[in-house]
Amino acid sequence: MIVAEWKPLPELLAGLKGYKNLLLVGCATCVAECAAGGEREVNTLAPTLHMALKNQGQDINIITRTLERACEPEFVEELAEIAPQVDAIMSLSCGIGMQLIAERFLDKPLLPGVNTTSLAIREAPGLWTARCRACGDCVLGETFGLCPVARCAKSLMNGPCGGTRKNGRCEVDENTDCIWYLIVERAKARGELESLNQVRQPKTWSNSAHGGPKRIVREDLRS
Amino acid sequence: MSSRVQTNLQKVLAAGHFAVTAEVGPPQGPNPEPVRAKAAILKGLADAYNVTDNQTAVVRMSSIAAAKILLDEGLEPVMQMTCRDRNRIAMQSDLLGASALGLKNVLALSGDHQKASGAGKLNGHPGAKNVYDVDSIQLLGIIKGLRDEARQQGGDAITEPAPFFIGAAWTPLGPPVEFRVPRLAKKIAAGADFVQTQAVFDLKAFAAQVKKAHEAGLTEKVAILAGIIVPRSAGMLTYMNKNVPGIEVPEALIARMKGAKDAKAEGMKVTVELIQAVRELPGVKGVHLQAIEAEELLAEVIPAAGLTPRPLV
Ligand code: SF4
Ligand code: SF4
């Protein structure tokens, strides 16, 4: 899923200065799964903002909505009726949904309520860890299903750096596994350690963010 | 190894001498004098001098510039280059520039991640964006391509081969230990002519890994220089054992330093013993010495280990 995290409250409050009517929008898909911007979070944040602003002497009316999927135009359309009544929209969806909302309601300032940070899984209750960085040149077939782009702090392609800790954790964070340690473990378990001996040549990064804004064209689907 | 390259370090190794390299960290400022001061202390003690590339992700004078200052002082540098701060375009451009300035030994590293900037002592730039376009093994291949094929990674020709003597780092005791010898083999396959190892304190464990490399025929293809850090106190050893990945310090050694009346003198003795011990290992062709920000210790310990005068080749 796409994972987002709350922005600090002071930042949210600073952004709301001067507004009287706010539409606070959540999304019931990824950001709900990662407990950052689903209906529950919308319903918690609204009174929090209200109260905090009231303490600063600002009276704000907050209308809440949670879309099924903020990244699909037909769901965003559900806001068409309510949008004219507010002077700003704060979205707790991922950056993709936010942009669709901004594009649909061009005359309304769009305030991001969360920071979109990663493509991750929920590893345990209250713990999400990155799994993919949409690099555009997937190597999972060579790394036993473990992603060295997203999960190695240096995106190394040819094995572990000298920084692997004694307990197999990454030099950058004592709570994060060195992914190359795990790749080697899996290769061993499979009896295929030698497969990692081949030198992997420099990757092509241009099929993702480094090739300029991505534009995917499927002629067969274009009408 | 390419016959076109003729660095002092390469010649020393080719002549079968036990090589000595040392490390020079560039200053956190624009003044060349600290580099010259270190050069004055270290001149004549080693065959070549590593110049670090913004180690621990703290901004320092560039390794290219500091290496050139050393060269002008009559010391042969080993220019370090990490993969953290440059993409393949900047790397190759800097390599061509370095070659033009007469810097012919280059050592490729992954580099310390910027999040651990300053090792907790300085601010560094933990908010920086890193690059990691290529990894250290791919960088070795790029350098080899510039040298052996006169070709850039993208395929374009360069006007003439860039003669480099190519170095890499090796952490023989880093987990997963069973992959460290294969990883050395990958570095050799990619282009490494010599490697400098993470600091050795646990001789037995180090010897076991070198033996594996030797038996795999790797020591014929690459010159291994054993890394030695001059210990200055038991506390320093305890710290490194706990916090520096790939460094294993036996308890007995820590106890020995703790029990010593004069820790500095004991550290010198330990260093000399370590040098003599690694020298006995088949496949070890030299030492890479570090006295982190206490270069004057090297001026004592290198002669004490019988490693001076350095051969003239
Ligand atoms: S290799 Fe690339 S596409 Fe595959 S999981 Fe990793 S980041 Fe995602
Ligand atoms: S310790 Fe492992 S995961 Fe961390 S940067 Fe090094 S190779 Fe990557």
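The values are calculated or read from the model by the stated rules, or taken from the named source; none is laboratory data. Note that this is a predicted model, so its numbers are computed, not measured. Note that each Cβ is placed from the backbone with ideal geometry, even for glycine, and that neighbours are counted across all protein chains shown. Heads up: the accessible areas ignore ligands, DNA and RNA and are worked out on the full protein's heavy atoms, side chains in. Shrake-Rupley method; radii C 1.70, N 1.55, O 1.52, S 1.80 Å.
Normalised by 2.2 N^0.38 Å, where N is the number of residues, the C-alpha radius of gyration of region B:168-294 stands at 1.05.
Normalised radius of gyration for region A:94-137, please: alpha carbon Rg relative to 2.2 N^0.38 Å, two decimal places. Computed over Cα atoms of region A:94-137, the ratio equals 1.54. Between residue A:48 and residue B:252, the FRET efficiency from the beta-carbon distance, with R0 = 45 Å, is close to 0.15. Taking the C-alpha atoms only, the angle from helix B:88-100 to the longest principal axis of chain B is near 80 degrees. Residues whose amide H comes within less than 5 Å of that of residue A:62, counting only those at least five positions distant or on another chain, are A:22 (H built at 1.01 Å from N in the peptide plane). Heavy-atom accessible area for residue A:71, with the other protein chains in place and a 1.4 Å probe, reaches approximately 60 Å². For the residues of B:179-185, the average number of beta carbons from a partner chain within 10 Å of their own beta carbon is 5. For region A:2-118, the Kirkwood estimate of the hydrodynamic radius, built from every pair of different alpha carbons, is 13.7 Å. Just checking the listed ones, A:68, A:78, A:194: in the Gaussian network model of chain A with Cα springs under 10 Å, the one fluctuating most is A:194. Among the listed pairs B:221/B:261; A:7/A:108; B:129/B:211; B:43/B:144; B:38/B:212; A:203/B:221, a Cα-Cα separation exceeding 32 Å is found for B:221/B:261; B:129/B:211; B:38/B:212.
In this label model, residue A:117 and residue B:28 are separated by 2.8 nm, measuring between points 7 Å along each Cα→Cβ vector. Among beta bridges from DSSP that stay inside region A:35-145, the antiparallel ones total about 60%. Figure note: B:93, A:93 ranked by solvent-accessible area, largest first, 1.4 Å probe, ligands and nucleic acids not counted: B:93, A:93. Relative to the longest principal axis of the C-alpha atoms of chain B, give the angle of the C-alpha long axis of helix B:33-42, reported between 0 and 90° and rounded to the nearest 10°. Long axis of B:33-42 versus the principal axis of chain B: about 60 degrees. Out of every Cα-Cα pair that the protein assembly as shown contains, those further apart than 43 angstrom amount to 31 percent. Taking only alpha carbon atoms, chain A gives an Rg to Rh ratio of 1.08, where Rh is the Kirkwood radius.
Working note: Karplus 6.51/-1.76/1.60 with θ = phi - 60° gives region A:175-180 the couplings 9, 10, 5, 6, 5, 5 Hz, where Gly and Pro are set to x. Computed over chain B, the alpha-carbon pair-distance distribution with 20 angstrom bins reads 34, 61, 5, 0, each value a whole percent.
When shorter helices are ignored and each DSSP H run of at least 4 residues is given -39500 (n - 2.57), the per-residue value for chain B at 222 nm works out to -11500 deg cm²/dmol. Give me the Kirkwood hydrodynamic radius of region B:137-219 in Å, from all C-alpha pairs, to one decimal place? Result for region B:137-219 stands at 13.8 Å. Residues B:183, B:88, A:40, sorted by accessible area with the largest first, give A:40, B:88, B:183 [1.4 Å probe; ligands and nucleic acids excluded]. Got a sec? Which residues in region B:177-212 would a label at residue B:260 touch, if it sits 7 Å along Cα→Cβ and we count backbone N under 19 Å? B:199-204, by backbone N distance to the label point. Computed over all pairs of different Cα atoms, the Kirkwood value for the hydrodynamic radius of region A:68-123 is 11.9 Å. Counting only Cα atoms, the size of region A:135-203 along its three principal axes is 28, 27, 18 Å, in decreasing order. Estimated from helices alone, the mean residue ellipticity of chain A at 222 nm is -7000 deg cm²/dmol (sum of -39500 (n - 2.57) over DSSP H runs with n ≥ 4, per residue). Largest first, the extents of the alpha carbon coordinates of region B:224-268 on the three principal axes equal 32, 22, 14 Å. Please work out the C-alpha center-to-center distance from region A:1-44 to region B:181-220 and express it in whole Å. Rounded to whole Å, the Cα centres lie 53 Å apart.
In region B:25-171, the convex hull through the Cα atoms has an average projected area of 9.1 nm², a quarter of its surface area. Per residue of region B:149-163, in order, report the coupling 6.51 cos²θ - 1.76 cosθ + 1.60 (Karplus, θ = phi - 60°) as ³J(HN,Hα) in whole Hz, putting x for Gly and Pro. For region B:149-163, the Karplus-derived couplings read 10, 6, 9, 7, 4, x, x, 5, 7, 9, 4, 7, x, 9, x Hz, x marking Gly and Pro. Taking all protein chains together and a 1.4 Å probe, the residues B:136, A:206, A:223 rank A:223, A:206, B:136 from largest to smallest accessible area. For region A:2-118, the relative contact order works out to 36 percent when only alpha carbon pairs closer than 8 Å and six or more residues apart are counted. Shielding of peptide B:139-147 by partners, expressed as the average count of other chain Cβ atoms within 10 Å per residue Cβ, is 1.
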